[in-house]
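Down below is the structure, laid out as structure tokens.
Every number here is computed from the coordinates shown, using simple stated rules; none is lab data. What you are looking at is a predicted structure, and each value in this text was computed from that prediction instead of being measured. Here Cβ is always computed from backbone atoms with ideal geometry, including for glycine, and neighbour counts include all displayed protein chains.
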Amino acid sequence: MSGGQAMLIGCGALLGLGVFLLVRAALVVEQPRLSDALARLDGRASAPATMPVPQSGDRWARAAGRAGPWAAARLAAAGLRAPSSSLALIGWTPEGYAARKVGVAVFGAVFVPLLAAVLGAAGVRLPVVVPVLGSLALAGVLFLVVDLVVRDQAAEARGQMRRALCSYLDLVSLRRDASEGPTIALERAAALGEGWVFRRISDALVAARLGGDPPWDGLRRLAADTGVGELADVADIAVVAAQDGAAIAHTLRARASSLRVQLLAEEEAAANTASEKLTAPVALLSIGFLLLFLYPALARLMAG
């Protein structure tokens, strides 16, 4: 292996490692700390692994500093507004979101010319139009990939909230069976559960109480902030109990049961869709194997 080839391989490996580290830092949610995991094993209350990173812990917003608000303002002026509800769910700030989009786009614009320079040092000359178009294309793709990641992670977080809401409804119904009032039942049921969903519900109820508002207003605000409409249904049921004194335990359990059925149907539909996506690759693989198996016989037949 010549020195030029070795340098080319080494530079390519370094560039690939840089791409991996940048994408991981920009788009992957932080893993839980070891102390939190050990605390969960010991039965102590701690943040679960699936809890979104708090907004104050957005690494990109902290690293960007004053450039984060500037980038967010520029994107907003260009008509690209941050999806606030989705960002709140996954723990990103609008500044961190803008910093990610601008950061990965700049990296994409720089990566292709650097790769072309490495190839040129190794003796491979590319037309000028190739790195120019390649850098623009890669920058645009990475700029849009951030939105796809936000959408997917927010959808997963909403699914977690809806699954946890089923348990919350059951807990509230049990508190109502114990003759507790709607406000106390909502707050104590949220305090009984573990996980980031129950903490978000508890925080919303506490904020409503401190603001002098009824707890169902806090649930409605949380539903609007997260996009989980089922929380508004819980608020409507609680309003009926508070105003009319109705027995809502059965209604809560029925709503939890219907939500579980809905979630199960959605999971089955997603599983069927994933199975259908595998049909085409398996069919192409079977056709390729069949052609490979029949090729010797067909070659002899055509030769004869």
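The charge dipole of the stretch 161-266, taken about its Cα centre with unit charges on the Cβ atoms of Lys, Arg (+1), Asp and Glu (-1) only, comes to about 200 debye.
Fewest-first ordering of Ser86, Ser258, Ser275 by other beta carbons within 10 Å of each residue's beta carbon gives Ser275, Ser258, Ser86.
Computed about the Cα centre, the dipole magnitude for the stretch 69-178 is approximately 120 debye when only Lys and Arg (+1) and Asp and Glu (-1) carry charge, each at its Cβ. Sorted largest first, the spans of the alpha carbon positions of the stretch 161-266 along the three principal axes are 39, 28, 22 Å. Evaluating 6.51 cos²θ - 1.76 cosθ + 1.60 at θ = phi - 60° for every residue in the stretch 147-164, the Karplus couplings come out as 5, 5, 5, 4, 5, 5, 5, 5, 5, 5, 5, 5, x, 5, 5, 5, 5, 5 Hz, glycine and proline recorded as x. As a proxy for reagent exposure, ranking Arg300, Arg175, Arg253 by other Cβ atoms within 10 Å from fewest up yields Arg300, Arg253, Arg175.
As a length-normalised measure over Cα pairs under 8 Å and 6 or more apart, the relative contact order of the stretch 161-266 settles at 34 percent.
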